[in-house]
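Here the structure comes first, spelled out in structure tokens, and everything after it is commentary.
The values are calculated or read from the model by the stated rules, or taken from the named source; none is laboratory data. From a predicted model like this one, the values you see are computed outputs, not experimental measurements. No Cβ is skipped: glycine too gets one built from the backbone with ideal geometry, and neighbour counts run over all protein chains shown. Heads up: the accessible areas ignore ligands, DNA and RNA and are worked out on the full protein's heavy atoms, side chains in. Shrake-Rupley method; radii C 1.70, N 1.55, O 1.52, S 1.80 Å.
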Amino acid sequence: MTEFPLLSLHVPEPAVRPGGQPDFSNVKIAKAGAVPRPEVDVASEEIRDLAYSIIRVLNRDGEAVGPWAGLLSDEELLTGLRNMMKLRAFDARMLMAQRQGKTSFYMQHLGEEAVSCAFRKALRKGDMNFPTYRQAGLLIADDYPMVEMMNQIFSNESDPLRGRQLPIMYSSKEHGFFTISGNLATQYVQAVGWAMASAIKNDTKIAAAWIGDGSTAESDFHSALVFASTYKAPVILNIVNNQWAISTFQGIARGGSGTFAARGLGFGIPALRVDGNDYLAVYAVSRWAAERARRNLGPTLIEYVTYRVGAHSTSDDPSAYRPKTESEAWPLGDPVLRLKKHLIVKGVWSEERHVQAEAEILDEVIQAQKQAEVHGTLHAGGKPSVRDIFEGVYAEMPAHIRRQRQKAGY
Amino acid sequence: MPRCPPIFAASGKRQVTDMARMTMIEAVRSAMDVSMERDGDVVVFGEDVGYFGGVFRCTQGLQAKYGKTRCFDAPISESGIVGTAIGMAAYGLKPCVEIQFADYMYPAYDQITQEAARIRYRSNGDFTCPIVLRMPTGGGIFGGQTHSQSPEALFTHVCGLKVVVPSNPYDAKGLLIASIEDPDPVMFLEPKRLYNGPFDGHHEKPVTPWSKHELGEVPDGHYSIPIGKAEVRRQGSAVTVITYGTMVHVALAAAEEMGIDAEVIDLRSLLPLDLDTIVQSVTKTGRCVMVHEATLTSGFGAEVVALVQEHCFYHLEAPVVRVTGWDTPYPHAQEWDYFPGPGRVGRALAEVMEA
Ligand SMILES: Cc1ncc(C[n+]2csc(CCOP(=O)(O)OP(=O)(O)O)c2C)c(N)n1
Ligand SMILES: [Mg+2]
């Protein structure tokens, strides 16, 4: 006998499962404008609170309030709204294209559009993102041609990646978008290395690392924090907490830590938590972090609190593991509607113009799709060549691969 | 350890029974269910395997039946999953964990190759590592380079691991039960293209469901198939085809379509390897084709072909040929130009017959 009770294993569970009433009462949300904006050279110990709160700019009435407000012009905000609407329309069309068999697979951003669209604005040409598959807003907001994205999605004869990659696994050095890997978290530490290189070469460029809540459990995430902390790398360490990792709720990766942002504190990395559905807040915080990196003050960790409204991918059906109405109960609202409301309150936008913009954007997306489809879709029309399987494994094709290519008849 | 009932007749054909029909997913699930029922030390975990039951639904219902502490969701950390499984095994449990895709086992490679594989050896049996790593493997689902890999040779090159690749529901269940009961670490690779039916490489045709296939007949209860025994799937005298996993069905189709009297060996277990069955067959036929979906260079076929020439050299009438995936990453769009389908296997058979 022992004086201690018997041990038992703790396995975290989400508050609600299918059939239950969605409940986010445990998500503590700071009032918009309530969280202070420290100087960029602040020490991480002095802003520990920011890892546990939520920085918000847009309030319920659509006004931009508090110390993080006032950084963007009306013009810039209107462009931001357009980018998010474009990403949403793009997703909807590509989802449909997948259902029609024009591609094998798709992953959408529904509800998370503000994160990548607003973040892109904080970067400059030459900076490098190491994204996951859920940051296409980085491309859209940088005016990467939608046709090119679709060519990749359709794996057609104009696919810039020659049919080799899974749909949506884009790559564009030109647009500061590192080639996406299917293996989670690997890019996180690579971003730190890229940033270290920029510092080694006394350059001015900075890097941005991207990861989802679930993937922070991977060792590469922790390696990234160690290296970023040790070398004070000019990198922004982004965590997109959309509450879910396929069927697994964020509590499984977060464990006993209060927030994902708090992971940074043990490494001495300033860590901020931000309303990921608030375009203005996302921009303000990423600009703050970018400034720190540019001033050689080192890394910043940012947790974007958001919600994955759609399925994980076209291979997933979330109704099996979370209540169908959960997204409606999500307390941070819809990023597009929130920015739209703000612009209407400001008097620079209206319901009519929004409807009109929606139609224009849809038309733009449809035009791009038509152009892309001229070059084929996954199972019809122009395709990448079989030769493309063999090329690009090495800079120079070794003899054994050449023999295999010939055997394949090419 | 209970052995499999003798329901394979010598021809490799099953005797008619009134057993349940299962897909490979159901068979794998049933193996875990039976094992968890019989042995309270068996635990199952991995990414999305708890409440949801796994992205391929292999663990569906197990959490509801055995509780959250015997079947649960793991953080997305393959090194963590395998590392904790090793620790649990050291305590005395028998973890059967899922790696969501074989393509994602690499973060755990250190734990697998440097730890799991050598714990018995380095502690002289003081500690052992009876764990099973289940992982969907192979292509054919337009999964691109990170949902299509066949990394079996990365395991067979490591001393201390067993490597099993079933090709049908009946074997999958019997072999998984044997793997869970095995005292050493077993890499259990499940060809995902076979989950719902015996895919033979004819991707333009719908696949026959397992319910219409004799090897979809699976006993509900406990049985096991010894690890290390191959099965002759088709008897023949002209040429021996050595293969495993998805390629078993491709090879069978190729032999039929070419009208070649091929003997098709399903290895089922790569390590340990059933050398006797291989030698017996090649000695008889004098010709040999090795088929796998994994890349060619340093693939498992290289090992088999070396053994064939060592043991059957004086019986060989033609050079041994390998049909494999190309030495490139698995492409997305050109999937069927990469996959070694029945056409390519058939041409190799013809080539070996003409030599
Ligand atoms: C190393 C590795 N393990 C597992 C997977 C399978 N997988 C793909 S996405 C995913 C969930 C990721 O969730 P999260 O990081 O929260 O990102 P989100 O999809 O929510 O944006 C999993 C487990 C993978 N791609 N790579
Ligand atoms: Mg997530």
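At a glance:
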| read-out | value |
| --- | --- |
| Region A:253-274, subset within 14 Å of ligand 1 (Cβ to nearest atom) and open to solvent by less than 20 Å² (accessible area, probe 1.4 Å), residue farthest from A:Ala30 (Cα to Cα) | A:Ala253 |
| Pairs, first at the interface with another protein chain (Cβ under 9 Å from one of its Cβ atoms) in region A:385-397, second outside any loop (DSSP other than H, G, I, E, B) and open to solvent by less than 40 Å² (accessible area, probe 1.4 Å), C-beta under 7 Å, six or more apart | A:Ile389/B:Tyr338; A:Phe390/A:Ile401; A:Phe390/A:Gln404; A:Phe390/A:Arg405; A:Val393/A:Ile401 |
| Close pairs (6 angstrom Cβ cut-off, 6 or more residues apart or separate chains): closer than 16 Å to A:Pro335 by Cα and touching a residue at least 24 places away in the same chain (Cβ under 8 Å) in region A:54-73, open to solvent by less than 40 Å² (accessible area, probe 1.4 Å) and among the aromatic types (Phe, Trp, Tyr) anywhere | A:Ile55/A:Trp68; A:Val57/A:Trp68 |
| Count of residues meeting criterion [buried (at least 16 other Cβ atoms within 10 Å of the Cβ) and either within 14 Å of chain B (Cβ to nearest Cβ) or closer than 23 Å to B:Pro75 by Cβ (or both)] in region A:25-51 | 1 |
| Only listed residue being open to solvent by less than 20 Å² (accessible area, probe 1.4 Å) and in a helix (DSSP H, G or I), chosen from B:Val248, B:Val241 | B:Val248 |
| Test set (1) more than 16 Å from A:Ser313 (Cβ to Cβ); (2) not in a helix (DSSP H, G or I) - A:Met149 fails condition number | (2) |
| Whichever residue in region A:214-228 is more than 14 Å from chain B (Cβ to nearest Cβ) and closer than 24 Å to B:Tyr109 by Cβ and, among such residues, is most open to solvent (accessible area, probe 1.4 Å) | A:Phe227 |
| Hits in region A:108-138 (condition: in contact (Cβ under 8 Å) with a residue 60 or more places away in the chain, within 16 Å of ligand 2 (Cβ to nearest atom) and open to solvent by 10 Å² or more (accessible area, probe 1.4 Å)) | A:Gln108, A:Leu110, A:Thr132, A:Arg134 |
| Residue satisfying all of: in region A:315-358; under 23 Å from A:Ser73 (Cβ atoms) and of a type in the set (S, T, N, Q); farthest from the other protein chains (Cβ to nearest Cβ) among these | A:Ser350 |
| Considering residues of region B:52-100 that are open to solvent by 40 Å² or more (accessible area, probe 1.4 Å) and within 16 Å of ligand 2 (Cβ to nearest atom) only, the residue farthest from B:Asp126 (Cα to Cα) | B:Val55 |
| Selection from region B:64-84 of residues that are more than 23 Å from B:Ala102 (Cα to Cα) and at the interface with chain A (Cβ under 10 Å from one of its Cβ atoms) | B:Gly67, B:Lys68, B:Thr69 |
| Residue count, region A:52-62 (criterion: surrounded by fewer than 19 Cβ atoms within 10 Å (Cβ to Cβ) and in contact with a His (Cβ under 7 Å, 6 or more places away or on another chain)) | 1 |
| Residue among A:Gln135, A:Gln152, A:Gln165, A:Gln187 that is more than 14 Å from every other protein chain (Cβ to nearest Cβ) and closer than 24 Å to B:Gly144 by Cβ | A:Gln135 |
| Residue that is surrounded by the most Cβ atoms within 10 Å (Cβ to Cβ), among those in region A:1-15 that are within 14 Å of chain B (Cβ to nearest Cβ) and free of Cβ contacts under 8 Å to residues at least 40 places away in the same chain | A:Val11 |
| From the options A:Ile246, A:Ile239, residue that is touching a Ser or Thr at 6+ places or on another chain (Cβ under 7 Å), among the β-branched types (Val, Ile, Thr) and within 14 Å of ligand 1 (Cβ to nearest atom) | A:Ile239 |
| Residue in region A:169-181 that is open to solvent by less than 10 Å² (accessible area, probe 1.4 Å), within 24 Å of A:Arg88 (Cα to Cα), more than 16 Å from ligand 2 (Cβ to nearest atom) and of a type in the set (Val, Ile, Thr) present | no |
| Conditions (1) open to solvent by 10 Å² or more (accessible area, probe 1.4 Å); (2) of a type in the set (Ser, Thr, Tyr); (3) within 14 Å of chain B (Cβ to nearest Cβ): number failed by A:Tyr231 | (3) |
| Candidate set from region B:274-321 (those that are under 18 Å from B:Tyr244 (Cβ atoms), charged (D, E, K, R) and in contact (Cβ under 8 Å) with a residue 60 or more places away in the chain); member that is most open to solvent (accessible area, probe 1.4 Å) | B:Glu303 |
| Residue within region A:204-213 that is surrounded by fewer than 18 Cβ atoms within 10 Å (Cβ to Cβ), within 14 Å of chain B (Cβ to nearest Cβ) and either in contact with a helix residue (DSSP H, G or I) (Cβ under 6 Å, 6 or more places away or on another chain) or touching a residue at least 40 places away in the same chain (Cβ under 8 Å) (or both) present | no |
| Tally, over region A:300-318, of residues that are open to solvent by 40 Å² or more (accessible area, probe 1.4 Å) and away from ligand 2 (no atom under 13 Å from the Cβ) | 3 |
| Index of the failed condition, A:Glu157 passing every other in (1) closer than 22 Å to A:Asp213 by Cα; (2) of a type in the set (Asp, Glu); (3) within 14 Å of another protein chain (Cβ to nearest Cβ) | (1) |
| Subset of region A:232-250 (residues that are under 21 Å from A:Ala284 (Cα atoms), near ligand 2 (Cβ under 7 Å from one of its atoms) and either part of a loop (DSSP other than H, G, I, E, B) or of a type in the set (Gly, Ala, Ser) (or both)) | A:Asn242 |
| Count of residues meeting criterion [touching a Gly at 6+ places or on another chain (Cβ under 8 Å) and either over 20 Å from B:Thr137 (Cα atoms) or within 14 Å of chain A (Cβ to nearest Cβ) (or both)] in region B:264-293 | 3 |
| Subset tally (residues that are among the hydroxyl-bearing types (Ser, Thr, Tyr) and part of a helix (DSSP H, G or I)) for region A:172-197 | 2 |
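Yes or no, residue by residue, for (1) hydrophobic (A, V, I, L, M, F, W, C); (2) open to solvent by less than 10 Å² (accessible area, probe 1.4 Å); (3) touching a Pro at 6+ places or on another chain (Cβ under 8 Å):
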position: B:Tyr223; (1), (2), (3): no, yes, yes
position: B:Gly228; (1), (2), (3): no, no, yes
position: B:Ile260; (1), (2), (3): yes, no, no
position: B:Pro272; (1), (2), (3): no, no, no
